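One structure below.
The values are calculated or read from the model by the stated rules, or taken from the named source; none is laboratory data. Since the structure is predicted, the reported quantities are computational estimates derived from the model, not experimental observations. Here the Cβ positions follow ideal geometry from the backbone for every residue, glycine too, while neighbour counts run over all protein chains shown.
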């Protein structure tokens, strides 16, 4: 029996040898020194004793270092023992240089055969002992992927690097093949909604449609119907399909490719709410008043027929932009869409009143040419039509949580703990420097974050300030015990609206039907595994996008971009490029003419001779000097004005020349943010162009 100071969690490794423990209980991450990381892999599950860090001075990236460190007591579960990397020969021996940036050493391949530079998959043979060149791991090649520049390789590498299950077992495919191609027999007792003009609204490239919406004005409000694909009718507990869906946990989205949670026969066919075909669904009917409050909600097993497959762009043009041509094309659907706009406005006002967080943070979107190569990169659009669907889905998710909270069947809440003390302290200092009042109170309240976000809106540095708010947040995850959802300012919340692509939603559907999915203890295990699968999917998607962005920017070396500083470290500043939403490193050596001191408390670099400062949020004009897809790094240099790098200012407002720094360090991937300290993480949940934060 372990003491209360012992916690379980997942290892987050760093390629410099140290790591962190992401705790299952949502508490502050534990720093794992290099000696504790020996023999551990990124993603291993371990049991750690919590110790107070000596002086808080470890290499964490926070202002004062981590407050707590971990002493590894037991390895509970090994992560996949597979490494993806480049094959090379040196000194008569064969090695693989890991593509995973959190693996510090090359892998020796005693019997390896391959071409220099090609990507291979290696199964590890033994754990490392000790440190140094002569204690590398060994392994053998199990798959040769080929040229890393080949179209489609970014996703292939990420899938294998992050251990994404992508091969269907034969019994799963056989079980899927036995299912019908469409709805032929409608089970007794189902409500017939086929005359209700439900529509799906998704991204232009979406293929799996698991939600449809409809709204009718009523006296004093609206009747909002959210119909969700009835996956639970086809995927029964204990079947091969169910075991594989539980194993995968979630669908994984890459540019130009999806690794689905369910075989395509279900995800794109039988369960997808495609237009003008009958589909089984679980419908949530909600009565929403003028203040955006859901007074009543009913769940019905039903059959439906989608009237149209609409895109966000179409709805934006017809309903919010008033485009006459789009309105004529959509014809009779327009009044229903306008009713959706009205109920959205009411739900949005209710969201503001309760103090839910709403952040404006862009992400890069990669577009591929027909041949699979990157054609261009631009910020992912954030349309009002996205928010419309989000609010409808949030309302249905809240209704499901309320319904199930009254019952005795265990299910998984979607929970979001309050931010930690250290994250709040750092956030308050940063917002104070930016002139934004922030008082979270003794017990952190969501409204304080929402108020700070609103004060930051409309400024040139809005995105940077909203990033700081997001970084201060804890992680959202799945648990059978409710602790509320901080970011959404909700007493209880769950995920109900995406059973095609999220396993917890499938469990919620079964619970709503009265089907017990396991004990509370079994649900706790499923909560941990699906939360880990969600994090794994996000990391893999981000990794592939970073590689593709770097490949794209290699063709844009020499181009000049306006940008803004998003992070400051001892070896330079990270700048987000306007129009791309991509971060790159300006190394301190390129700042010219001065020695720079890193001021952790103020998050800035200060020139010792000139007093020149470079602070998070400052604008900077930069030139792309290089991009490395293997390292996922973009290299930048400041553009000079009158011989002085543009950006930053000294104490008197004058620009000053700068010179090489005595510090060095590594860059980071585009879109990847420097850790604000142990209180890292963010909410998650969603895809297909919708919010992934909560």
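Confirm whether residue 21 is touching a strand residue (DSSP E or B) at 6+ places or on another chain (Cβ under 8 Å), at pLDDT 75 or above and either assigned to a loop (DSSP other than H, G, I, E, B) or more than 29 Å from residue 631 (Cβ to Cβ) (or both). So residue 21 does not fit the description; no. Taken over the range 422-443, the criterion of being part of a helix (DSSP H, G or I) and in contact (Cβ under 8 Å) with a residue 40 or more places away in the chain is satisfied by 422, 423, 424, 426, 427, 429, 430, 433. Among all positions in the range 433-441, there is no residue which is at pLDDT 90 or above, buried (at least 23 other Cβ atoms within 10 Å of the Cβ) and on the phi < 0 side of the Ramachandran plot. Taking residue 258, is it more than 26 Å from residue 344 (Cβ to Cβ), within 28 Å of the chain's Cα centre (by Cα) and in a strand (DSSP E or B)? Yes; evaluated as a whole, the condition is true for this residue.
Would you mention how many residues in the range 406-417 are surrounded by fewer than 20 Cβ atoms within 10 Å (Cβ to Cβ) and touching a residue at least 24 places away in the same chain (Cβ under 8 Å)? Qualifying residue count, the range 406-417: 2. No other residue among 564, 547, 576 is touching a residue at least 12 places away in the same chain (Cβ under 8 Å), touching a helix residue (DSSP H, G or I) at 6+ places or on another chain (Cβ under 7 Å), closer than 24 Å to residue 365 by Cβ and buried (at least 23 other Cβ atoms within 10 Å of the Cβ) apart from 547. Consider the range 308-333 and keep the residues that are in contact (Cβ under 8 Å) with a residue 24 or more places away in the chain and not in a helix (DSSP H, G or I). The one that is surrounded by the fewest Cβ atoms within 10 Å (Cβ to Cβ) is 308. In this structure, is residue 4 at pLDDT 85 or above, loosely packed, with under 15 Cβ neighbours inside 10 Å and not in a strand (DSSP E or B)? Criteria not met by residue 4. Of the helices (runs of 4 or more DSSP H) entirely within the range 135-248, those holding at least 3 residues that are in the same structural domain as residue 509 (by TED's automatic domain parsing) occupy 170-177, 240-248.
Answer with yes or no whether residue 597 is in a strand (DSSP E or B), at pLDDT 90 or above and surrounded by fewer than 20 Cβ atoms within 10 Å (Cβ to Cβ). Yes, satisfied. Checking the structure you have, find out if any residue of the range 286-296 is surrounded by fewer than 19 Cβ atoms within 10 Å (Cβ to Cβ), in a loop (DSSP other than H, G, I, E, B), touching a strand residue (DSSP E or B) at 6+ places or on another chain (Cβ under 9 Å) and modelled with pLDDT under 95. Among the residues of the range 286-296, not one is surrounded by fewer than 19 Cβ atoms within 10 Å (Cβ to Cβ), in a loop (DSSP other than H, G, I, E, B), touching a strand residue (DSSP E or B) at 6+ places or on another chain (Cβ under 9 Å) and modelled with pLDDT under 95, which makes the answer no. Only one of the numbered conditions (1) part of a helix (DSSP H, G or I); (2) surrounded by 17 or more Cβ atoms within 10 Å (Cβ to Cβ) is not met by residue 525, and that is (2). Within the range 234-246, is there a residue that is within 15 Å of residue 392 (Cα to Cα) and either surrounded by fewer than 18 Cβ atoms within 10 Å (Cβ to Cβ) or at pLDDT 95 or above (or both)? No, every residue in the range 234-246 fails to be within 15 Å of residue 392 (Cα to Cα) and either surrounded by fewer than 18 Cβ atoms within 10 Å (Cβ to Cβ) or at pLDDT 95 or above (or both). Residue 301 - would you say it is within 28 Å of residue 381 (Cβ to Cβ) and surrounded by fewer than 22 Cβ atoms within 10 Å (Cβ to Cβ)? No.
A count restricted to the range 605-623 and to residues that are modelled with pLDDT under 90 and not in a loop (DSSP other than H, G, I, E, B) stands at 0. Of the strands (runs of 3 or more DSSP E) entirely within the range 35-125, those holding at least 1 residues that are at pLDDT 90 or above, closer than 22 Å to residue 529 by Cα and not assigned by TED's automatic domain parsing to the domain that holds residue 571 occupy 45-52, 68-77. Could you say whether any residue in the range 388-405 is at pLDDT below 95 and crowded, with 20+ Cβ neighbours inside 10 Å? Among the residues of the range 388-405, not one is at pLDDT below 95 and crowded, with 20+ Cβ neighbours inside 10 Å, which makes the answer no.
Within the bounds of the range 188-198, is there any residue that is surrounded by fewer than 19 Cβ atoms within 10 Å (Cβ to Cβ), at pLDDT 95 or above, touching a helix residue (DSSP H, G or I) at 6+ places or on another chain (Cβ under 7 Å) and farther than 24 Å from residue 629 by Cβ? Within the range 188-198, one or more residues are surrounded by fewer than 19 Cβ atoms within 10 Å (Cβ to Cβ), at pLDDT 95 or above, touching a helix residue (DSSP H, G or I) at 6+ places or on another chain (Cβ under 7 Å) and farther than 24 Å from residue 629 by Cβ.
Could you check, for the range 471-494, whether at least one of its residues is assigned to a helix (DSSP H, G or I), outside the structural domain of residue 231 (by TED's automatic domain parsing), touching a residue at least 40 places away in the same chain (Cβ under 8 Å) and under 30 Å from residue 448 (Cβ atoms)? Yes, that holds for at least one residue. Given 520, 542, 528, which one is under 30 Å from residue 602 (Cα atoms), assigned by TED's automatic domain parsing to the domain that holds residue 390 and out of contact with any strand residue (DSSP E or B) (no Cβ under 6 Å at 6 or more places or on another chain)? The unique qualifying residue is 542. Being in contact with a strand residue (DSSP E or B) (Cβ under 7 Å, 6 or more places away or on another chain) and surrounded by fewer than 23 Cβ atoms within 10 Å (Cβ to Cβ) is a property that does not hold for residue 260.
Each row is one residue, and each column tells you yes or no for (1) closer than 21 Å to residue 250 by Cα; (2) over 28 Å from the mean Cα position of the chain (by Cα).
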{"residue": "150", "(1), (2)": "no, no"}
{"residue": "158", "(1), (2)": "yes, no"}
{"residue": "163", "(1), (2)": "yes, no"}
{"residue": "171", "(1), (2)": "yes, yes"}
{"residue": "176", "(1), (2)": "yes, yes"}
{"residue": "190", "(1), (2)": "no, yes"}
{"residue": "193", "(1), (2)": "no, yes"}
{"residue": "197", "(1), (2)": "no, yes"}
{"residue": "206", "(1), (2)": "yes, no"}
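Would a scan of the range 558-579 turn up a residue that is modelled with pLDDT of 95 or more, farther than 24 Å from residue 380 by Cβ and assigned to a loop (DSSP other than H, G, I, E, B)? Yes, the range 558-579 contains at least one residue that is modelled with pLDDT of 95 or more, farther than 24 Å from residue 380 by Cβ and assigned to a loop (DSSP other than H, G, I, E, B).
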